[in-house]
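The values are calculated or read from the model by the stated rules, or taken from the named source; none is laboratory data. These numbers come from a predicted model, not from an experiment. Here the Cβ positions follow ideal geometry from the backbone for every residue, glycine too, while neighbour counts run over all protein chains shown. Just so you know, the surface numbers come from the protein's heavy atoms only, side chains and all, with ligands and any DNA or RNA stripped out. Shrake-Rupley method; radii C 1.70, N 1.55, O 1.52, S 1.80 Å.
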Amino acid sequence: DGGITQSPKYLFRKEGQNVTLSCEQNLNHDAMYWYRQDPGQGLRLIYYSQIVNDFQKGDIAEGYSVSREKKESFPLTVTSAQKNPTAFYLCASTWSPGGHQPQHFGDGTRLSIL
Amino acid sequence: AQKVTQAQTEISVVEKEDVTLDCVYETRDTTYYLFWYKQPPSGELVFLIRRNSFDEQNEISGRYSWNFQKSTSSFNFTITASQVVDSAVYFCALSERRYGGSQGNLIFGKGTKLSVKP
């Protein structure tokens, strides 16, 4: 089945540690996105990528980093500089950027601090 | 600036009641897109509908219907004869059309949590 796979489902981070969230899609979509969701809040954009080897900061990029070495993969690293990383992280993709295409979402990764 | 407001934080209804989820948006562009997504307890967002700014026709899909009114900048969502499986958080989102290198990113409202009790 085509879709977006996020792993792990749950992740725990220790103080000072970097952790990486995986996002893989087999939909052949060009654009990929990372969002953060806090309780009672909408989704906020962290980073997005329109094509391979290119990515742009979203609204809350500080303390996060990404890479886009392959079309199907867009991993997100939560660095130690992100002081409040506890949240639900969602990865999404769409055929092409431009705003008119609906985004398809993964099941999410819930990150907590140990 | 773009903004999406979902004023209803939580709604609770009894099964078979009709319920309307409100969405009000702000944008200065004439070309834009509006979306509704459903987030069940499992967490993933499920796409429900997209509307472009030039199409004000209301849409009905089974028990779901959407009312888009540019005059009031609203894109409301009605569930008729609600069911327990409709319990979820519903998000309204706005995107402006972009060409070339700039990205028309989604701006989400804060969501409305709908609880349908048997």
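What residue, of B:V24, B:V4, B:V14, is touching a residue at least 40 places away in the same chain (Cβ under 8 Å), open to solvent by 30 Å² or more (accessible area, probe 1.4 Å) and under 12 Å from the mean Cα position of the chain (by Cα)?
Exactly one residue qualifies, and that residue is B:V24.
Among the listed residues B:V46, B:V89, B:V116, which satisfies the condition of being touching a strand residue (DSSP E or B) at 6+ places or on another chain (Cβ under 6 Å), within 14 Å of another protein chain (Cβ to nearest Cβ) and over 28 Å from A:D54 (Cα atoms)? Spell out how you get there, then give the answer.
Values: B:V46 fails: over 28 Å from A:D54 (Cα atoms); B:V116 fails: within 14 Å of another protein chain (Cβ to nearest Cβ).
From the options B:V46, B:V89, B:V116, the qualifying one is B:V89.
So in region A:17-36, with the set limited to residues that are free of Cβ contacts under 8 Å to residues at least 60 places away in the same chain and buried (at least 20 other Cβ atoms within 10 Å of the Cβ), which one is nearest to the other protein chains (Cβ to nearest Cβ)?
Filtering region A:17-36 for residues that are free of Cβ contacts under 8 Å to residues at least 60 places away in the same chain and buried (at least 20 other Cβ atoms within 10 Å of the Cβ), the one nearest to the other protein chains (Cβ to nearest Cβ) comes out as A:Y35.
Of (1) open to solvent by less than 60 Å² (accessible area, probe 1.4 Å); (2) part of a loop (DSSP other than H, G, I, E, B); (3) farther than 15 Å from B:E44 by Cβ; (4) modelled with pLDDT under 95, A:A61 satisfies all except one. Which?
Looking at each condition in turn, A:A61 falls short on (4).
Considering only residues that are touching an Asp or Glu at 6+ places or on another chain (Cβ under 7 Å), within 13 Å of B:F35 (Cα to Cα) and charged (D, E, K, R), which ones fall in region B:52-96?
B:E96
Could we say that A:G40 is crowded, with 16+ Cβ neighbours inside 10 Å, within 10 Å of another protein chain (Cβ to nearest Cβ) and on the phi > 0 side of the Ramachandran plot here?
no
Would you point out the residue of region B:68-99, among those that are outside any loop (DSSP other than H, G, I, E, B) and surrounded by fewer than 15 Cβ atoms within 10 Å (Cβ to Cβ), that is farthest from the chain's Cα centre (by Cα)?
Checking each candidate, the answer is B:V84.
So, in region A:43-58, how many residues would count as being more than 12 Å from A:L90 (Cβ to Cβ), open to solvent by 10 Å² or more (accessible area, probe 1.4 Å) and either within 13 Å of the chain's Cα centre (by Cα) or facing chain B (nearest Cβ under 10 Å) (or both)?
So the first thing to find is which residues in region A:43-58 are more than 12 Å from A:L90 (Cβ to Cβ), and the list is A:47-58.
Still in the list and also open to solvent by 10 Å² or more (accessible area, probe 1.4 Å): A:47-48, A:50-58.
Now drop any that are not either within 13 Å of the chain's Cα centre (by Cα) or facing chain B (nearest Cβ under 10 Å) (or both), which leaves A:47-48, A:50, A:54-58.
Final tally of qualifying residues: 8.
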